[in-house]
1. Among the lysines, which fall within straight-line cross-link reach of Lys85, defined as a Cα-Cα distance under 19 Å, with same-chain neighbours fewer than 8 residues apart omitted?
2. Using a Gaussian network for the chain with springs between C-alpha atoms less than 10 Å apart, which of these wobbles most: Met390, Met312, Met63?
3. Could you give the angle, 0 to 90 degrees to the nearest 10, between helix 88-99's Cα long axis and the longest principal axis of the Cα atoms of the chain?
4. Could you please state, rounded to a whole Å, how far the C-alpha centre of region 56-77 is from the C-alpha centre of region 119-156?
5. Quick check: the distance between the Cα centres of region 280-356 and region 363-418, to the nearest angstrom?
6. In nm, give the distance between the simple-model label positions of Glu365 and Ser304, each being 7 Å from the Cα along the Cα-to-Cβ direction.
7. Would region 269-418 count as rounded, prolate or oblate if I go by the C-alpha gyration tensor, calling it rounded below 1.5 in a/c and otherwise prolate when a/b exceeds b/c, oblate otherwise?
8. Anyone know which of Gln33, Gln374, Gln387 comes out most mobile in the 10 Å Cα GNM of the chain?
Amino acid sequence: MCVMSKPLYNEELLEEYIELVIRKGLNLQPGQQLVIACSVDCAFFARLAMVAAYKAGASNVHMRWVDDFCSRTRFLMADDSVFDKYPAWDKLLMDSLSDEGAAFLNVIATDPEVFKGVDSNRLSRFSITTSNALKGYFGKIITGGVRWTTITVPSEAWANKVFPNAASAEEAISLLWDRIFAATRVGDGKALERWSNHIDALKRRVKMLNDYRFTELLIKNSAGTDLRMKLPKNHIWKGSGDVAKDGLPFLPNIPTEEIFSAPYANGVDGTVVGTMPNVFQGNLIEDFTITFKDGKVVSYDAKSGREQLANMINDIPGMDKLGEIALVEYNSPISNTGVLFYNTLYDENASCHLALGSAYPGCVEGGDSMNEEQRKAAGINVSDSHQDFMFGSADMSIVGVTASGKEVVVFKDGNFAI
Ligand code: ZN
Ligand code: ZN
């Protein structure tokens, strides 16, 4: 229900943002196809992105329209059998276009609480159904088989959640656009240059972390997190975007501030305390703790959304172990906006985070060409799902331990010390 009587954003900045997404994010090539998934509430954005894609030489641009109202209504009113059967036409679309080498742009504008009150059993069943049906496509997504980028655009419901005290929905949307531009380094026409510098800085740290070959990390803060996390023998730290199998760099997420790897799936002990609300399947989970023993979740609690947390951990195979550890400085453009976005893409790039579920295969040597059994043998977690949650804080301390037992301070007071 975006009423766009007058633009709620600076048009030059929006153009710069779209340029960043098409050129640097997707690295769209002449003759390539593009698939845009976008909410109908933000159709104007998809149209502008489509024009920019054709200008960059796209051969064809395909739209996958998303609508919060329709998604919610289906979960509330459709026949129960619907949630165990994925629409064949959509599977065909995703499989065929990813086989043909299309790039994928996901524009997230979802109301953080779109599925509040929906039967959580329907949500988790459909999530499993979707992962099974689109296994081929998701496999390409996590191994660089396609270039893809996820970004956000404000919708009215989302902007109102982030700025509940704004005088009007228009003001909330406009405020959210300002924060999005700031967090994505858009301004003065310099986004491409700023991102090149940012990527170079991330690359330097990624190299340092890889050179240390840590065997484990000791992670602590005053919120109550106290974790001892082993790392797989051949782990790889990644960040600064990705390189697809065709050799071309791309940015899976804009913004991206994280440097991440995979924990040893059976080697995590201790407790982690969430420091930001988590949006899972359109529901909020707040004030939660999760305790691990030998990598497996042994207990958990949440002040709100405990049922959703239980579903997340118990219903989907592999969601009871960690698949990602990501380091993000407390002093980053996103956390400096001072805004809680209620959106994982933004909030995860403002805070150190972990993910339950699948590890990125590329986080161990040779992982992108391993099958699931080989990935498990290499020590990383395998699941059809991956859910990030934030646990960073201003006093986060992380110490890396090398094979010879030497301790290196990696994070001090929430920021990198290396
Ligand atoms: Zn991450
Ligand atoms: Zn993640």
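1. Lys135
2. Met63
3. Between the helix axis and the principal axis of the chain, the angle is about 70 degrees.
4. 13 Å
5. Using only Cα atoms, the two centres lie 15 Å from each other.
6. For Glu365 paired with Ser304, the spin-label model returns 4.8 nm.
7. oblate
8. Fluctuation is largest for Gln374.
Quick note: the coordinates plus some simple rules give every number you see, no bench work behind them. As the structure is a prediction and not an experimental result, all values here were calculated from the model. A quick note on method: Cβ atoms are made from the backbone with ideal geometry, for glycine too, and the neighbour counts reach across all protein chains shown.
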